[in-house]
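I have placed the structure first, in the form of structure tokens, so that the comments after it can refer back to it.
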Amino acid sequence: MKGMIFSAGLGTRFKPWTDKHPKALAPVNGKSLLQRNIEYFQRFGINEVVVNVHHFADQIIDAVEANNGWGSKVLISDEKDEVLETGGGLLKARPLLESDEPFVTINADILTDLDLNQLLAFHHKEEALISFGVTGRKTSRYFLFDEDKKLCGWTNTKSGERRISIDKPGLEEWAYSCVVVFEPQVFSLIRQRGKFSLVDTYLDLAKEHKIMGFDHSGDKLVDVGKPDSIAIAEELFS
């Protein structure tokens, strides 16, 4: 099984670090976010990892080479010309990810101890096209699920925007953990092209395919999106 770590973002919320470095190389207790997520995948037997790069791309490539991929085979998906967001980045990485097995993705700035074996078991049991971790944490943007945890929509509680794929009463709000299992046939089903978010893909595919949320509330999870979140991450991840 292969994994992908989304590492191409500009990290605008993470300044001043990202004025000179990619966010993926920000250190947490002496290890970069990228190294930590490569090692996270290793704990579940995922030793072939795609890393997409754009912002200070050469720093990431140099770090991977200098550390021999931290023990994994790391494949670089080059987005130096244009950052493609998560959906476009996934599509560009298709030649590196494609196989007859599911694959797993995570955002570089997410640290978690979510048990991937449990997520994969849930994914297979549900016979889903896509399954991703969710929790009950408070945020401003939520995916909307029915009582069976099938994806039906998305909402931004600050702006009031709602995007509904399947209109049902009593939809539940769950926060996205950015850890995702995809079936390999997803590549042939994605209709978007160019630069786009995976949110667009999920909401489009949910109309005709089974996309499931896996509740792992209670696990460690830190979105290292801003510099002050480093201190929180360092308390939870040694």
Spin-label model distance (nm) - MET1 vs ASP81, 7 Å beyond Cα toward Cβ: 3.4
Here the net charge surrounding LEU84, from other residues whose Cβ is less than 15 Å away from its Cβ (Lys, Arg +1; Asp, Glu -1), is -1
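Provide the percentage of antiparallel DSSP beta bridges, counting only those with both residues in the range 1-110; round to the nearest 5.
Around 10 percent antiparallel, to the nearest 5.
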Place a point 7 Å from the Cα of ASN47 in the direction of its beta carbon; the residues of the range 105-129 whose amide N falls under 19 Å from it are 116-117
Nearest 0.05, what FRET efficiency do ASP146 and GLU101 give at R0 = 25 Å with Cβ-Cβ as r? 0.35
Computed magnitude of the charge dipole of the range 114-219 (debye, nearest 20; Cβ of K, R +1, Cβ of D, E -1): 480
Estimated dipole of the chain in Debye, rounded to 20 [Cβ of Lys and Arg +1, of Asp and Glu -1, Cα centre]: 480
Treat every Asp and Glu Cβ in the range 63-102 as -1 and every Lys and Arg Cβ as +1, leave all other atoms uncharged, and give the resulting dipole magnitude about the Cα centre to the nearest 20 debye. 120
Using helices alone, I'd like the mean residue ellipticity at 222 nm for the chain: each DSSP H run of four-plus residues gives -39500 (n - 2.57), total over residue count, nearest 500. -7000 deg cm²/dmol
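Taking 31 Å as the cut-off for C-alpha to C-alpha distance, list the pairs among LYS20/LYS207; LYS73/LYS125; LYS15/LYS195; LYS2/LYS23; LYS20/LYS92 that go past it.
Exceeds cut-off: LYS20/LYS207.
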How much of the DSSP beta bridge set in the range 114-219 is antiparallel, as a percent to the nearest 5? 75
State, to one decimal in nm, how far the label point of ASN117 lies from the label point of GLU208, with both points 7 Å from Cα in the Cβ direction. 3.7
Straight-line reach check, LYS80, cutoff 13 Å on alpha carbons, 8 or more apart in-chain or any other chain, hits among aspartates and glutamates -> ASP58
Amide N of the range 1-27 lying under 12 Å from the label point, which is placed 7 angstrom from the Cα of LYS73 along Cα→Cβ: 1-3
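Which percentage, to the nearest 5, of the DSSP beta bridges contained in the chain is antiparallel?
Taking every DSSP beta bridge with both residues in the chain, the antiparallel ones total about 55 percent.
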Given R₀ = 35 Å, FRET efficiency for SER159-LYS125 by Cβ-Cβ distance, to 0.05? 0.50
Need one number: nm distance between label points at LYS138 and ASP167, each 7 Å from Cα along Cα→Cβ, rounded to one decimal. 3.2
Note on the range 32-174: alpha-carbon gyration tensor, axes a ≥ b ≥ c; rule is a/c under 1.5 for rounded, else prolate if a/b larger than b/c, else oblate; result prolate
Tensor-based shape of the range 1-113 (alpha-carbon gyration tensor, a/c under 1.5 rounded, otherwise prolate or oblate): oblate
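None of the figures in this text is laboratory data; all of them are computed from the coordinates on show. All values reported here derive from a predicted model rather than from experimental measurement. Note: ideal-geometry Cβ built from the backbone for every residue, glycine included; neighbour counts use all protein chains shown.
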